[in-house]
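Accompanying notes for the structure given below.
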Amino acid sequence: MSEATPAPTPLLQLESVAKVYRFARQSLFAPRRELVAVDGVSFSLPQGKTFGLVGESGSGKSTVGKLILRLERPDSGVVRFDNRDIFAQDAAQLRRYRAQVQLVLQDPYGALSPRMRIGGIVTEPMRAQGMSREEAYEQAGEMLQLVGLDPEVMRRHPHQFSGGQRQRIAIARALGVKPRLVLLDEAVSALDVSVRAQILLLLKSLQKRLGVSFVFIGHDLASVRFMSDEVGVMYFGRIVEIGPAARVLGAPRHPYTRHLVETARGDIPLSSRSQPTELPDPFSLPSGCRFRNRCPLATAECATQEPALRPVGHRHDAACHHVEAETVDTLAPPHALAPQKT
Ligand code: ADP
Ligand code: MG
């Protein structure tokens, strides 16, 4: 990166996005219960890159995905794609948006209708975009080849394939409409380790070839680290640490990220040695820092002040009162640092 290179315009940008689920009263006089599934999430994703979201189950990752796909509406905040608010689009813009953003889920068997043939499954999004049958089938053949399958598989049914092959089919289906963004929500989580590695390598090579951007959601740290340029670590709706994947997951600063990394390594996390590790009730999170009841560093300040994200390294932020910035030179402006990996 030369000194004067400006940051690329992000393809996707989330700004303080929040989503609250409201539940019916449990009795006439009881208050309405509210669950803040996503609580002020911000990140941006440049074209051709991957943003990873990690966190335990229930931390709000899939809800962020649904907001990006417009399957849910935010209560506040903005989601921009190509600099445009995706919730302020007219019907034609929305149609175009739907083609540019595709989804791959964890269980392709569930997502792929068992009665349909692979040809119908892979061509469906293209047909929905108004492509002719012939053109869609031709394109489907190319996409299947791209993911390492013989186009002949189009005549067969999903149950005739292994988990890894079904995930390849799901990826071919998502890529058929030439999307600019693919949301991968636990897309490799159901696969055996060796098959998972193959699919991750496939996704990487497809990204290089097609320039597509990914939002990669998962709870497996190794997969998220391998896939992502930047990651956000979510805890009960908040991003508590964000930055380059190798820094955040390789040298984590937030006690929660450390807890995840230690657990993934098979260590007994520091946070569980002296503290109870029960997850709080999402309907009544602790005051101040929501991680404090599991945190080995918690002090009185943590009970009263909610920590905001602040810089702890180069383009690396953490929301913790007890994490200090590393050294002055890691916070130097981008042009003073080595070129970014591309
Ligand atoms: P993750 O993908 O990280 O496991 P989710 O985004 O699925 O987390 O869920 C975040 C929180 O929001 C959870 O407490 C979940 O129970 C709740 N939630 C998700 N979807 C809904 C919904 N449609 N209605 C009510 N609550 C929901
Ligand atoms: Mg999820």
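Rounded to the nearest 500, the helix-only mean residue ellipticity at 222 nm of the chain stands at -9500 deg cm²/dmol, with each DSSP H run of n ≥ 4 adding -39,500 (n - 2.57). Charge tally for Ala172 (other residues, Cβ to Cβ under 11 Å; Lys, Arg +1; Asp, Glu -1): +2. Largest first and in whole Å, the equivalent-ellipsoid semi-axes of region 86-172 read 24, 15, 11, each the square root of five times a Cα gyration tensor eigenvalue.
Once the convex hull of all Cα atoms in the chain is built, its volume per residue stands at 168 Å³. Find out how many positive minus negative residues lie around Gln139, taking Lys and Arg as positive, Asp and Glu as negative, among other residues whose Cβ is under 13 Å from that of Gln139. Local charge sum for Gln139: -1.
3J(HN,Hα) along region 134-140, derived from phi through the Karplus expression 6.51 cos²θ - 1.76 cosθ + 1.60 where θ = phi - 60°, amounts to 4, 4, 5, 5, 5, 4, 4 Hz, with x in place of Gly and Pro. Under 5 Å from the amide H of Gly313 lie the amide H atoms of Glu326, each residue being 5 or more positions distant or on a separate chain, with H modelled from the backbone and absent for Pro and chain starts. Close amide H pairs (under 5 Å, H built 1.01 Å from N) link Thr50 with Phe214, Asp229, Glu230, residues at least 5 positions away or on another chain. Here is the short version for the chain: Cys295, Cys320 have no other Cys C-beta closer than 4.7 Å. Packing, taken as the mean count of other beta carbons within 10 Å per residue, orders the peptides 88-95, 113-120 from highest to lowest as 113-120, 88-95.
Between Val261, Val193, Val240, the residue with the greatest mean-square fluctuation in the GNM of the chain (Cα pairs under 10 Å linked by springs) is Val193. Loop-located chymotrypsin sites (Phe, Trp or Tyr not before Pro) across region 25-77 with a Cβ neighbour count of 12 or fewer within 10 Å are Phe29, with loop assigned by DSSP. Taking other residues whose beta carbon is less than 15 angstrom from the beta carbon of Gln93, and scoring Lys, Arg as +1 and Asp, Glu as -1, yields +4. Where is the GNM fluctuation largest for the chain (alpha-carbon springs, 10 angstrom cutoff): Tyr256, Tyr137, Tyr235? Most flexible of the set in this elastic network: Tyr137. Between the exposed loop cleavage positions of the chain, defined as GluC sites (Glu not before Pro) in a non-H, G, I, E, B DSSP state with at most 14 neighbouring beta-carbon atoms within 10 angstrom, the longest gap is 4-277. Evaluating 6.51 cos²θ - 1.76 cosθ + 1.60 at θ = phi - 60° for every residue in region 253-259, the Karplus couplings come out as 10, 6, x, 5, 4, 4, 4 Hz, glycine and proline recorded as x. Based on C-alpha pairs under 8 angstrom that are at least 6 apart in sequence, the chain has a relative contact order of 18 percent.
Computed from backbone phi, the HN-Hα couplings of region 188-193 come to 10, 5, 8, 8, 4, 3 Hz, rounded to whole numbers (Karplus: 6.51 cos²θ - 1.76 cosθ + 1.60, θ = phi - 60°; Gly and Pro given as x). Cys302 contributes an accessible area of around 10 Å² to the protein surface, as traced by a 1.4 Å probe with all chains present.
The values are calculated or read from the model by the stated rules, or taken from the named source; none is laboratory data. Since the structure is predicted, the reported quantities are computational estimates derived from the model, not experimental observations. Note that each Cβ is placed from the backbone with ideal geometry, even for glycine, and that neighbours are counted across all protein chains shown. The accessibility values were calculated without ligands, DNA or RNA, using every heavy atom of the protein model including side chains. Shrake-Rupley method; radii C 1.70, N 1.55, O 1.52, S 1.80 Å.
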